[in-house]
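Down below is the structure, laid out as structure tokens.
The values are calculated or read from the model by the stated rules, or taken from the named source; none is laboratory data. Please read these numbers as outputs of a predicted model, since none were measured by experiment. In this analysis, Cβ positions are derived from the backbone assuming ideal geometry, glycine residues included, and neighbour counts consider all displayed protein chains. What goes into the accessible areas is simple: the full protein's heavy atoms, side chains included, and nothing from ligands, DNA or RNA. Shrake-Rupley method; radii C 1.70, N 1.55, O 1.52, S 1.80 Å.
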Amino acid sequence: MSKLDIDWVRAQFPAFDEPTLQGQAFFENAGGSYTCAPVINRLTRFYTQRKVQPYAPYEASRLAGEEMDEARRRLAAMLGVDTDEVSFGPSTTQNTYVLANAFRQFLTPGDAIIVTNQDHEANTGPWRRLADEGVEVREWQIDPDTGHLDPAQLDNLLGDKVRLVCFPHCSNVVGEINDVAAITAKVHAAGAYVCVDGVSYAPHGFVNVDELGPDIYLFSAYKTYGPHQGVMVIRRGLGEVLPNQGHYFNAGSLYKRFTPAGPDHAQIAASAGMADYIDDLCAHHGITGDAATRCAGAHDLMRGHEVTLLQPLLDYVSAKNAVRLLGPAQAESRAPTVALALNGAAAPVAAALADHGIMAGGGDFYAVRTLTAMGVDPDQGVLRLSFTHYTHADEVQQLLQALERVL
């Protein structure tokens, strides 16, 4: 099946059958997605039947531990990496802080890192604080008009002193998809490591991290139809040389080295529901192969649906003189996260849209550096309209009609 069966997809998300949400079109998916039924079912089962300390010999404990291991194993297979290269933490922001602390101990004064001003603050602020330890922080800057992060500009920043380059797979307000594979190859050729924030891209399709090549890839499960967990891939070559951040006796376990906090057993176990959903989607649409191959097929199916729905929205807002679209006007080159700068504050406009059944948000979305660089007042913010593959074409039409009334 070459086209996404949107009715089947929506049947996998209980929110679409929830009476209190009827008539409401959800366009704030960049802040967190609806949760799929397999995740909810696993979470309910764990809290009902297995809410005990895992990995003990009694049955409930054994099953709890097996479910946690299953989540890590199946997500790793989807992402094309080894099982122990996947770690869970309380959030991507927290995971990044832990990693930054590891690099704080790893780097020496005079070393350099590169960050961007296209990032959500979670993937730039922690790294910038390394300047307090004598690390040189170089900023890879976006084009102030388009928000584009030009890979050619990276050539002027790389050098023998650079040890790490951090950038987003796509910005949570600009939306343009950066060429992770090409940028990573360039950085590796210069002898540096790569950290990619995939939080704003992962909701639109899980990626093969091995093919893309970064040393670190981070995303948030609560934006990929799952529980509130941060998921991070740390490749072995980097993970084994960075200083251990966990308990000293766990230093030999790669997936425990960068998760000092106690794991949320139930939410980790429930994360296997994301793999259940992708497997079910593939089975329904006739996508076969190993886990990574099926995941790639699901990715393309989801993206194809999103691109089709996104272009009419981009065409509409591009034709409006009263708004400024941040990022590309072509759906193929961006995620369906559409930020609009208005003539005034965005929050009241988001509130007005709610009266028309549109759930959206207005604000800076922790992209203060990006908005400032593009000449947008963070206090005024932007109106952000974001969706994912479970969005129906009728909902996009509902959004366009609401925008016409409100704008």
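A few remarks follow.
- Highest GNM mean-square fluctuation among GLY381, GLY31, GLY237, for the chain modelled with Cα contacts below 10 Å: GLY237.
- Gaussian network model of the chain, Cα within-10 Å springs - most flexible of ASN208, ASN343, ASN172: ASN343
- Summed over qualifying helices (DSSP H, 4 residues or more, each -39500 (n - 2.57)) and divided by its residue number, the chain shows a 222 nm mean residue ellipticity of -11500 deg cm²/dmol.
- Size of charge dipole - the chain - debye, nearest 20, with Cβ of Lys, Arg +1 and Asp, Glu -1, no other charges: 680 debye
- Counted charge near ARG334, where neighbours are those whose Cβ lies closer than 12 Å (Asp, Glu -1; Lys, Arg +1): -2
- Reachable lysines from LYS256, criterion Cα separation under 24 angstrom, eight or more residues apart if same chain: LYS51, LYS223
- Extension gain for THR288-SER253 works out to 9.4 nm (0.36 nm per residue, less the C-alpha to C-alpha distance).
- The distance separating the Cα centre of the stretch 297-319 from that of the stretch 176-198 comes to 25 Å.
- Measuring nothing but how far apart in sequence close Cα pairs (under 8 Å, 6+ apart) lie, relative to its length, the stretch 343-389 scores a relative contact order of 43 percent.
- For the stretch 62-91 versus the stretch 96-129, the gap between their alpha-carbon centres in whole angstrom: 26 Å
- Contour minus Cα-Cα distance for GLU139 and ALA393 (0.36 nm per residue): 87.5 nm
- Calculated diffusion of the stretch 3-159, Stokes-Einstein form, Kirkwood radius summed over Cα pairs, 10 °C and 1.306 mPa s, µm²/s: 79 µm²/s
- Surface composition of the chain: carbon and sulfur atoms hold 49% of the protein heavy-atom accessible area at a 1.4 Å probe.
- Only the Cβ atoms of Lys and Arg (+1) and of Asp and Glu (-1) were treated as charged; on that basis the dipole of the stretch 1-102 about its Cα centre amounts to roughly 160 debye.
- The simple spin-label model puts a point 7 Å past each Cα toward its Cβ; for SER333 and ASN41 those points are separated by 4.2 nm.
- Environment charge of ALA275, counting only residues whose C-beta is closer than 15 Å and scoring Lys/Arg +1, Asp/Glu -1: -3
- Taking a ≥ b ≥ c as the square roots of the eigenvalues of the alpha-carbon gyration tensor, the chain is classed oblate because a/c is 1.5 or more while a/b is no larger than b/c.
- Protein heavy-atom accessible surface, 1.4 Å probe, per residue over the chain: 39 Å².
- The chain: relative contact order as a whole-number percent, Cα under 8 Å and 6+ apart: 24 percent
- Entry note: the stretch 42-129 has Rg to Rh equal to 1.13, where both radii use alpha-carbon atoms and Rh is the Kirkwood radius.
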